[in-house]
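Single-structure report; data block below.
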Amino acid sequence: MAYDPIPLLDLKAQYRSIQDEIEPLMCEVAQSQWFIGGPHLEAFENAAADYCGASHAVGCASGSDALLLSLMAFGVGPGDEVICPSYTFFATAGSIARLGARPVWVDIDPVTYNCTGQAVSDAAATCTSLKAIMPVHLYGQAVDMCNMLTAAKEAGVPLIEDAAQAIGSRDACGKPTGSRGDVGCFSFFPSKNLGGFGDGGMITTNNATLAAQLKRLRNHGMEPKYYHQEVGMNSRLDAMQAAVLNAKLPHLDSWAVGRSQNADDYDRMFHAAGGGDTRSSLNDVTLPILTPARPASPSKHVFNQYVIRVPAAIRDDLRTHLNEKKIGHDVYYPVPLHAQECFKSLPVVSLPNTDQAAAESIAIPIYTELTAEQRARVAETIIEFVRTHVPVGA
Ligand SMILES: Cc1ncc(COP(=O)(O)O)c(C=O)c1O
């Protein structure tokens, strides 16, 4: 039987719904020939700061640069330590290592996939040159910021939120991601909930002095023109990206509602088949599939990814099966950062929750435009496979 492919993400479906808004803006930027800085950037930075509940937003060239610029602003350099999770995209720790500093790994909480304030405090107690902490709001779910802020305060170091995957999410106090740390770092990579037409990033902060420094750092540390107080880099958000992002921003909340409703539907189907959520263990449910446990209101998950867990013994066979059925999926992340070749020289640490999540997790399509029929096909395909391949002893 021939199957229509269901991609992990269908950007064209979103584009069709906003094409009429976006294309005139792109023409306008082309006709203005004002590509760097200018009114679109300013309008986007103001709107994005407002959306994120922060006083300032500084556009830059990528989420990776947002992290790098933030670390530079806090003076992180050779020999310094920065606490971050190992279960995240490479850029989190890559930005630390690029400045000659050392990532200090913390394990994740298996229920949320995020690191906790307690784990960060425990790691901070082992550090001798701690310079910052950098938790990650993974998959679109906010870190428990109250405890994280306490951990940062006790350690006496800045809190850099890696919010690359989580624009629009809210923490347990209902506060937007990127509004409470010293800085919040966002990515506008096309697959993010607010995706540009190329690379882009942003830093939010409530500190005017820091915002001014970040604006200098993204422009070679230059102010005024051709005078350099410090060494920065070329990392600007161009006008075309700013115009596109500004047009997409008002849609972001309704897109997140669509993702959340898709998640509800998946939860319902997996639970009806005997699965549970990440508050359970795979051994404790009738069918070994765990959906992401939902944070209680006013917390808000924006589902940049919908990640389920299945027994490690069948995860990769399930991937092969989904490929055969033309169902998009991916694993975020199959090799945690502490196990990466380039970080082998760092102290060996035990991160059991991270290792287990890397072996069991699999992300499935969650984008807003996914139809009920597509969701049912994804869930039924997975349920059927897991039912017939449950490993002995599970
Ligand atoms: C958690 C996390 N941090 C940082 C980044 C880097 O963002 P960018 O790809 O825009 O450089 C990403 C992007 O995937 C990410 O997921």
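Brief remarks follow.
- Q261, sole failed condition from (1) within 21 Å of the chain's Cα centre (by Cα); (2) in contact (Cβ under 8 Å) with a residue 40 or more places away in the chain: (2)
- Test result for D265, at pLDDT 95 or above and under 27 Å from R170 (Cβ atoms): yes
Residue by residue, here is whether (1) assigned to a loop (DSSP other than H, G, I, E, B); (2) surrounded by fewer than 16 Cβ atoms within 10 Å (Cβ to Cβ); (3) of a type outside the set (D, E, K, R) holds:
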residue	(1), (2), (3)
L8	yes, no, yes
S17	no, yes, yes
E21	no, yes, no
L25	no, no, yes
Q31	no, yes, yes
S70	no, no, yes
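- Single residue of segment 114-125 satisfying the filter (more than 20 Å from S260 (Cα to Cα) and part of a loop (DSSP other than H, G, I, E, B)) that is farthest from the chain's Cα centre (by Cα): A125
- The set of residues in segment 214-253 being over 17 Å from G200 (Cα atoms) and either in contact with a Phe, Trp or Tyr (Cβ under 7 Å, 6 or more places away or on another chain) or crowded, with 21+ Cβ neighbours inside 10 Å (or both) consists of G232 alone.
- Within segment 119-136, being of a type in the set (V, I, T), buried (at least 22 other Cβ atoms within 10 Å of the Cβ) and more than 20 Å from A73 (Cβ to Cβ) holds for one residue alone: V120.
A quick yes/no check of all residues on (1) free of Cβ contacts under 8 Å to residues at least 12 places away in the same chain; (2) assigned by TED's automatic domain parsing to the domain that holds P334; (3) more than 25 Å from S191 (Cα to Cα):
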| site | (1), (2), (3) |
| --- | --- |
| D267 | no, yes, no |
| G274 | no, yes, yes |
| S281 | yes, yes, yes |
| P295 | no, yes, no |
| P298 | no, yes, yes |
| F303 | no, yes, no |
| V307 | no, yes, no |
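- Selection within segment 84-101 - buried (at least 21 other Cβ atoms within 10 Å of the Cβ) and either in contact with a strand residue (DSSP E or B) (Cβ under 7 Å, 6 or more places away or on another chain) or not hydrophobic (A, V, I, L, M, F, W, C) (or both): C84, P85, S86, Y87, T88, T92, A93, S95, I96, A101
The values are calculated or read from the model by the stated rules, or taken from the named source; none is laboratory data. Worth saying up front: this structure is predicted, and the values here are computed from it rather than measured. All Cβ positions, even for glycine, are placed from backbone atoms using ideal geometry, and neighbour counts span all protein chains on display.
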